[in-house]
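The values are calculated or read from the model by the stated rules, or taken from the named source; none is laboratory data. It should be emphasised that the depicted structure is a prediction, and the values quoted were computed from it without experimental measurement. Note that each Cβ is placed from the backbone with ideal geometry, even for glycine, and that neighbours are counted across all protein chains shown. Keep in mind that these areas ignore ligands, DNA and RNA; they rest on the heavy atoms of the full protein, side chains included. Shrake-Rupley method; radii C 1.70, N 1.55, O 1.52, S 1.80 Å.
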Amino acid sequence: MPEEQDSDSTPGLAEEVTAWLDAHWDPDLPVEDWWRLVGRAGWTAPHLPVEQGGRGLSRRDATRVRSLFASYGALRPPGGLGLLMAGPTILTHGTPEQIERHVPPILEGRLAWCQLFSEPGAGSDLAGLTTKAERDGDHWIITGQKVWSSQALESDYGMLLARTDPDAVKHAGISWFAFELDQPGVTIRPLTEMTGDAVFNEVFLDGAVCADADLIGGQGNGWAVTQTTLFFERSGIGAGGGHAGFPKPGPKGGALGRSAGDAAGDEPPGGNIIISLPDLIALARRTGRDTDANIRQKLARLATYTDIGGWNAQRGKAEGGGGAVVTIGKLVQTKIMKLSSEIALDILGADGMLTGADGPDGGRYAHAFVFAPASSIYGGTDEIQRNIVAERSLGLPKEVPPDKGVPFAEARRRQAARLAG
Ligand SMILES: Cc1cc2nc3c(=O)[nH]c(=O)nc-3n(C[C@H](O)[C@H](O)[C@H](O)COP(=O)(O)OP(=O)(O)OC[C@H]3O[C@@H](n4cnc5c(N)ncnc54)[C@H](O)[C@@H]3O)c2cc1C
């Protein structure tokens, strides 16, 4: 059944989505065919202009389209990191040929992407990355190591940052590549988190190859391209989207061959679930803990953060997005994820610590609790977000990095000499 019409949404949107689903939804179709139909009709990213594969709707309406699909009982459009970050980055910085080659497979859920940014020595200081790309004719040879690469094992492409000019200053010698993962020079090893899941991986690159045609945004321009990727990552997290899409897109995700009707019944994976305020209130009532003053106070705090997040999003909408709004949105989302899982465990007491099938509601509260600390790390740590607000929005003095203005290779040599004493 269609949702009720939002006062400020496109008139007739619910009717239009419902009419399209009436005409096209077929639970017996394989997911691959369903997502192709959905993507080609512009429903995967309906906020994009029509000529980019969308329907020219607002972002708010685009979110609404997904819930309209879900409330109809149809499988939602594909998601994942390609849709969250790679697609918008390539649409912003790619050539028409790159857009044509990379964006439709994302919109149709045919290929999955991961983000190959962080390295063992480069996280918050991302521009300190040392994975190198050396030109060899019309190709680049890539050598180095990435880490914490979420969903790399199930991905077909990586958003790869590599140093293409070690003699340029730190931020100027980096380039952004659309990098094919299925090739001999790539080894991916899963890392198990404290949830027991292995969402992220380490990725070893040993003479791997990337075509020059897949260098996005031009050589040495990777830092500017990265700002776009991070903007979309943080906006997505701030909007409560988290990191994952389900079911997973791409041939390795395991969903493409299933029937769309079957996949439509999937529950979201545990890791990124945010336990909502109404869920917690219902849980408190169900367990008789709704009269406990401590629980009520924490619920009120959570309601406050939730409202602040909502107002911040409205402000972003009014101001056209960007700036401190995205950063604050991510910080608020971290608070919400941590506090909501903490309240769930406060309500449930020792029972809340049970995981899996033994735990209440399939162990989702314990899972959310052990996953929650990750929210203040991925997409840039809370400390880094606060630095951004302080420096870019409040105009406080910037930290002066020791390697400012120095060619990257020279800065590394100086650092090595310092460490050697
Ligand atoms: C669940 C999860 C998924 C992730 N997925 C991906 C992924 O798909 N792809 C990817 O590339 N990366 C991914 N990451 C990595 C993430 O982006 C990094 O962990 C993050 O940027 C922090 O880097 P670091 O771990 O090297 O910590 P460090 O940078 O070493 O930071 C350590 C501590 O020092 C603090 N700190 C560092 N510099 C400053 C400063 N200048 N001022 C104040 N405090 C500072 C930090 O806030 C932090 O508390 C993921 C991380 C998690 C937890």
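Tabulated data for the structure shown
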read-out	value
Residue among Thr18, Thr44 that is among the polar types (S, T, N, Q), in a helix (DSSP H, G or I) and at pLDDT 95 or above	Thr18
Given (1) open to solvent by less than 20 Å² (accessible area, probe 1.4 Å); (2) modelled with pLDDT of 95 or more; (3) in a loop (DSSP other than H, G, I, E, B), index of the condition Ile275 fails	(2)
Whichever residue in region 39-56 is touching a residue at least 40 places away in the same chain (Cβ under 8 Å) and under 21 Å from the mean Cα position of the chain (by Cα) and, among such residues, is most open to solvent (accessible area, probe 1.4 Å)	Gln52
From the options Ser155, Ser150, residue that is within 16 Å of the ligand (Cβ to nearest atom), touching a His at 6+ places or on another chain (Cβ under 6 Å) and in contact (Cβ under 8 Å) with a residue 12 or more places away in the chain	Ser150
Unmet requirement for Trp25, which otherwise passes all of (1) modelled with pLDDT of 95 or more; (2) over 30 Å from Gly144 (Cβ atoms); (3) open to solvent by less than 30 Å² (accessible area, probe 1.4 Å)	(3)
Condition broken by Gln115, with the remaining ones in (1) open to solvent by 10 Å² or more (accessible area, probe 1.4 Å); (2) within 16 Å of the ligand (Cβ to nearest atom); (3) of a type outside the set (Ser, Thr, Tyr); (4) assigned to a helix (DSSP H, G or I) satisfied	(4)
Any hit, region 61-84, residues being open to solvent by 70 Å² or more (accessible area, probe 1.4 Å), part of a helix (DSSP H, G or I) and more than 16 Å from the ligand (Cβ to nearest atom)	yes
Those residues of region 118-134 which are out of contact with any strand residue (DSSP E or B) (no Cβ under 8 Å at 6 or more places or on another chain) and either among the small types (Gly, Ala, Ser) or modelled with pLDDT of 95 or more (or both), in sequence order	Gly121, Ala122, Gly123, Ser124
Yes/no for Arg163 being of a type in the set (Lys, Arg), crowded, with 16+ Cβ neighbours inside 10 Å and touching a residue at least 60 places away in the same chain (Cβ under 8 Å)	yes
For Glu383: the one exception among (1) touching a residue at least 12 places away in the same chain (Cβ under 8 Å); (2) more than 16 Å from the ligand (Cβ to nearest atom); (3) surrounded by fewer than 16 Cβ atoms within 10 Å (Cβ to Cβ)	(2)
Failed condition for Gln219, given (1) within 15 Å of the ligand (Cβ to nearest atom); (2) of a type outside the set (A, V, I, L, M); (3) open to solvent by 20 Å² or more (accessible area, probe 1.4 Å)	(1)
Region 130-156, residues that are under 29 Å from Val169 (Cα atoms), open to solvent by 10 Å² or more (accessible area, probe 1.4 Å) and of a type in the set (A, V, I, L, M)	Ile141, Val147
Residue pairs meeting the criteria (Cβ under 7 Å; at least 6 apart or on separate chains; first β-branched (Val, Ile, Thr), in region 356-379; second within 16 Å of the ligand (Cβ to nearest atom) and open to solvent by 40 Å² or more (accessible area, probe 1.4 Å))	Val370/Met194
Hits in region 388-413 (condition: surrounded by 13 or more Cβ atoms within 10 Å (Cβ to Cβ), charged (D, E, K, R) and either without any contact (Cβ under 8 Å) to a residue 40 or more places away in the chain or under 24 Å from Ala168 (Cα atoms) (or both))	Glu391, Asp403, Glu410, Arg412
